[in-house]
Each structure stands twice: as C-alpha cells, then as structure tokens.
Amino acid sequence: MVPTVGPLQINHQGQQPAVTISFNLAPGYSLGYAVDQIHHAWRAASNLPATIATGFSGTAQVFQDSLRGQGVLILAAVFLPRS
C-alpha cells in the first residue's frame, strides 16, 4: 500500500460519479451574473472531456428554469390585447 490523497467518499447521481461545486454570491453581484460567469468558465475549459455533463441545482436551477419561458411570456404580453 502507498499512502496518498483521495476523496473520503464518492458521490453519485444516478449511476455516474458526481462532483458538487457550491458557490455564494459576492455582495453586489446577481445570480444571473454568476451563472453567466460559470457558463463562460465551462466554455473556456477546452480540456474537459466530452463525457462530462454539467448542470445547476438548487436556486441556480430554478433561476435558469424561470428564464426558459421568459421570452414567450414577453411576446404574449406585447401581442395579447388588454381588456
């Protein structure tokens, strides 16, 4: 045996090993800005294998889900007649 450094446990999501990276917002920064910066860092990390899947959970996931339907809501608000 050789002593080495390693994880104390390996988390899984489904059958795949998973890593969770948490973050807090600095004062004065929005969640949208943080999400955009994380996406930018993922794109800049060109050495990541194609088999790595990324995603948000918690508040960031709810934020992204709310943005998905926002365009349709804006169009509906502009083009629907007011009563």
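Data overview
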item	result
The range 1-49 - Debye-derived log10 I(q)/I(0), Cα point model, q = 0.18 Å⁻¹	-0.87
Distance cut-off 14 Å, percentage of C-alpha pairs in the chain lying past it	77 percent
Acute angle (nearest 10 degrees) that the helix 31-44 long axis makes with the longest principal axis of the chain, alpha-carbon atoms	50 degrees
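Taken together, the values in this text are just the output of simple stated rules run on the coordinates, not laboratory data. Since the model is a prediction, treat every value here as computed from it, not as a measurement.
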